[in-house]
Amino acid sequence: MVFPSALSALWSAILLTVLLTTAVYSNVVYDDDPLQPVTADETVSVGGTVTLTCRVAESDNSSLQWSNTAQQTLYFGEKRALRDNRIQLLHSTSTELTITIADVQLSDEGEYKCAIFTMPVRTARATVTVLGVPGKPQISGLETPVQEGQKVTLTCTSTGSKPPAKLHWYRGDQELEGHLDVVESNPDDPTYNVSSELTLEVTSSDDNALITCAVDHPSLAPGDKRSEQTLRVLYSPNVQIHPGSNLPREGEKFSLRCTGTSNPEPTSYIWEKKDGELPILAKADGAVLHFPMLNKSDNGVYVCHADNGIGNNQGEYILLVQDPADKNSELVTPSSSPFTSSSLLPTTFPTDVDFDSGSTSSLDIISTDYSHPTHDAPTFSTTTLSNALFPDLPFSPDSVSPSLTPPAFPSSIAPSSAIPSYSTPSSSLTPSVSVQQNGVYNVPGKASYTLEHAHARCLEMV
C-alpha cells in the first residue's frame with residue numbers, strides 16, 4: 001500500500017528529472033542543428049570598416065540579433081537597437097543578419113554575439129581584432145654632416161602600433177642590420193611605441209647616400225610607412241690632374257687642370273714641380289696651370305695640392321713635351337688609275353731614301369724638264385723609287401711592268417746625246433694596290449707623299 005505522501009514525493013522526483021534534462025539540452029550545441037547560427041572572426045585596422053555576418057541553415061521565423069562587447073543589442077532583425085550611426089544594416093532575411101561598423105576604434109575590439117530566439121535560445125560569437133596602425137617613422141641623428149671615418153648612431157621611432165611594429169633599415173636598396181627593437185606600451189591605450197638604432201662608420205662613398213627606415217606591420221602594405229634622409233659626409237679631396245691636350249708639342253700652348261672631388265669643394269690649390277721650381281713662363285691660376293709656349297725643359301712631374309679645410313691631398317702628372325709638328329709635311333693619297341706620261345712624280349724626294357736603280361725591287365720614273373727654254377731639246381732624268389719609299393707597293397719585275405714612252409719632239413729638235421738612258425717597261429706603271437694606312441705612305445723620318453699630289457706638282461712643273 002502506497003501512502004499519499006510517498007506518491008507525491010515520487011512525482012516530484014520525476015518532474016525534477018525532466019526539468020534538469022531540459023536545462024542540459026538547452027546548452028548543448030549540435031553540429032547538425034539547422035537552427036544553429038554561424039559567424040566568423042574579423043580583423044580590422046583603426047579607422048576601417050568591419051562587416052559582421054550571422055547565418056542559419058533553416059528558419060523557423062525566429063529573429064536574429066547582434067549585440068556588442070557590452071551586451072548591448074545592435075540590431076534585432078531589421079530594427080536598429082543602438083543609436084550609433086557608425087553601425088548600419090547591410091542585409092536582413094529570416095536566415096541572415098549582416099551589419100557593418102565604420103570608423104572602427106580600438107575600443108570596438110572584443111567579442112560580438114549573434115543569437116536566434118528559438119526554444120532554447122541559440123548563440124554564436126565573433127571576435128573582432130582591431131589593429132593599431134603605426135605612425136610614420138621618424139629618423140634622428142642626421143641633423144648635421146658627419147666627417148669621414150667617424151661613427152654615427154641613427155634612431156628610428158614609430159608610435160601607435162598594435163601589435164608592436166617591426167622596423168627595418170636600408171642604405172639605398174641594401175638592407176642594414178640595426179640593433180634590436182625597443183618596445184614600450186602606451187599608458188593611455190593598448191598600443192605600442194617601437195624604436196630602433198643603427199650605427200654606421202661612414203666613408204666618402206656614403207656621401208649623399210639615402211638612409212631609409214621602414215615599418216613592417218599587418219595593417220600596412222609593404223613600403224606604406226617609411227622615412228628617408230640623406231647622409232652627408234665631409235671628406236678630403238680626391239685629386240686628379242687633366243691635361244689640356246693629349247699630345248703636348250714644343251712651341252704650343254698647354255694647360256693642366258686640377259680637380260678635387262670632396263665635400264666641401266676645395267678652397268685652395270697649390271702647384272709645384274718635383275725636383276725643381278715651376279718654369280718661368282708657367283703661370284698658376286687657381287686650379288689651372290698655364291704654359292704659354294712649351295719647351296723641352298718643361299718636362300717633369302707636376303704636383304697639385306688641393307685643400308678644403310677637412311683635409312688635403314695631391315695629384316701628379318708627368319709632362320713629356322713632344323717634337324714640334326712639321327708644318328711643311330704634305331699628305332696625299334695614291335691614285336687609283338694607271339700612270340701616263342703626264343702623271344709623273346716630282347723629282348725631289350727625301351735625301352735619305354735609298355734610290356738604288358740597280359735593285360730588282362725598284363721602279364724607274366721618267367720626268368721631263370721644260371724649265372730651260374734655251375736648251376735645244378728637253379732634258380730627261382731618271383728617278384728610281386725603291387721599296388724603301390713605298391714598302392706596301394709590290395714593285396717587282398714580275399708584278400709591275402710600267403709602260404712609258406718618251407714624249408714626241410718637233411722634227412726640228414733632235415734629242416741630245418747627253419740625254420740619260422731610260423727604261424720603257426711594256427705595261428702600266430702602277431698596278432692596282434690596296435691603300436694602306438688610310439691612303440698615306442710614310443717615309444720614316446721624312447714627310448709623307450702621295451701620288452695624286454705628286455701628279456699635281458708635276459703638271460705645275462710642266
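Scan the stretch 93-146 for residues that are open to solvent by less than 50 Å² (accessible area, probe 1.4 Å), among the acidic types (D, E) and part of a strand (DSSP E or B) and the total you get is 1.
Reported count of residues in the stretch 49-66, each being open to solvent by 20 Å² or more (accessible area, probe 1.4 Å) and in a strand (DSSP E or B), is 4.
Of the residues in the stretch 251-268, not one is more than 30 Å from L210 (Cα to Cα), open to solvent by 50 Å² or more (accessible area, probe 1.4 Å) and touching a Lys or Arg at 6+ places or on another chain (Cβ under 9 Å). Screening G172 against (1) over 30 Å from V288 (Cβ atoms); (2) surrounded by 13 or more Cβ atoms within 10 Å (Cβ to Cβ) leaves a single unmet condition, (2). Of the residues making up the stretch 233-253, those that are over 21 Å from E265 (Cβ atoms) and of a type outside the set (G, A, S) number 8. Scanning the stretch 251-296 for residues that are without any contact (Cβ under 8 Å) to a residue 40 or more places away in the chain, in contact with an Asp or Glu (Cβ under 6 Å, 6 or more places away or on another chain) and within 30 Å of S205 (Cα to Cα) yields one hit, S268. The residues in the stretch 41-63 that are in contact with a Gly (Cβ under 9 Å, 6 or more places away or on another chain) and either of a type in the set (D, E, K, R) or modelled with pLDDT of 95 or more (or both) can be counted, and the count is 2.
Candidates in the stretch 75-92 are the residues that are in a strand (DSSP E or B) and more than 23 Å from A57 (Cβ to Cβ); of these, the one that is most open to solvent (accessible area, probe 1.4 Å) is K79. When N246 is tested against (1) modelled with pLDDT of 95 or more; (2) more than 24 Å from the chain's Cα centre (by Cα); (3) within 30 Å of A325 (Cβ to Cβ), just one condition goes unmet, and that condition is (1).
Considering every residue within the stretch 244-259, establish whether at least one is among the hydroxyl-bearing types (S, T, Y), farther than 30 Å from T191 by Cα and part of a loop (DSSP other than H, G, I, E, B). The answer is yes, given that some residue of the stretch 244-259 is among the hydroxyl-bearing types (S, T, Y), farther than 30 Å from T191 by Cα and part of a loop (DSSP other than H, G, I, E, B).
Let's see how each residue does on (1) more than 60 Å from the chain's Cα centre (by Cα); (2) over 16 Å from E111 (Cβ atoms):
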position: C54; (1), (2): no, no
position: A57; (1), (2): yes, yes
position: L64; (1), (2): yes, yes
position: Q71; (1), (2): yes, no
position: D84; (1), (2): no, yes
position: H91; (1), (2): no, yes
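Against the conditions (1) farther than 30 Å from L142 by Cβ; (2) of a type outside the set (F, W, Y); (3) open to solvent by less than 70 Å² (accessible area, probe 1.4 Å), G311 satisfies every one except (1). Summed over the stretch 217-255, residues that are out of contact with any Cys (no Cβ under 9 Å at 6 or more places or on another chain) and closer than 15 Å to L176 by Cα total 1. Selection of the stretch 272-308 for residues being open to solvent by 50 Å² or more (accessible area, probe 1.4 Å), assigned to a strand (DSSP E or B) and hydrophobic (A, V, I, L, M, F, W, C) yields only A284.
Among the residues of the stretch 29-40, those identified as among the β-branched types (V, I, T) and at pLDDT 95 or above are V38, T39. Residue count for the stretch 240-250, restricted to those that are open to solvent by 40 Å² or more (accessible area, probe 1.4 Å) and within 28 Å of S205 (Cβ to Cβ): 3.
The values are calculated or read from the model by the stated rules, or taken from the named source; none is laboratory data. These numbers come from a predicted model, not from an experiment. Positions of Cβ are generated from backbone atoms using ideal geometry, with glycine treated the same way; all protein chains shown enter the neighbour counts. Ligands, DNA and RNA are excluded from the accessible area calculation, which covers all protein heavy atoms including side chains. Shrake-Rupley method; radii C 1.70, N 1.55, O 1.52, S 1.80 Å.
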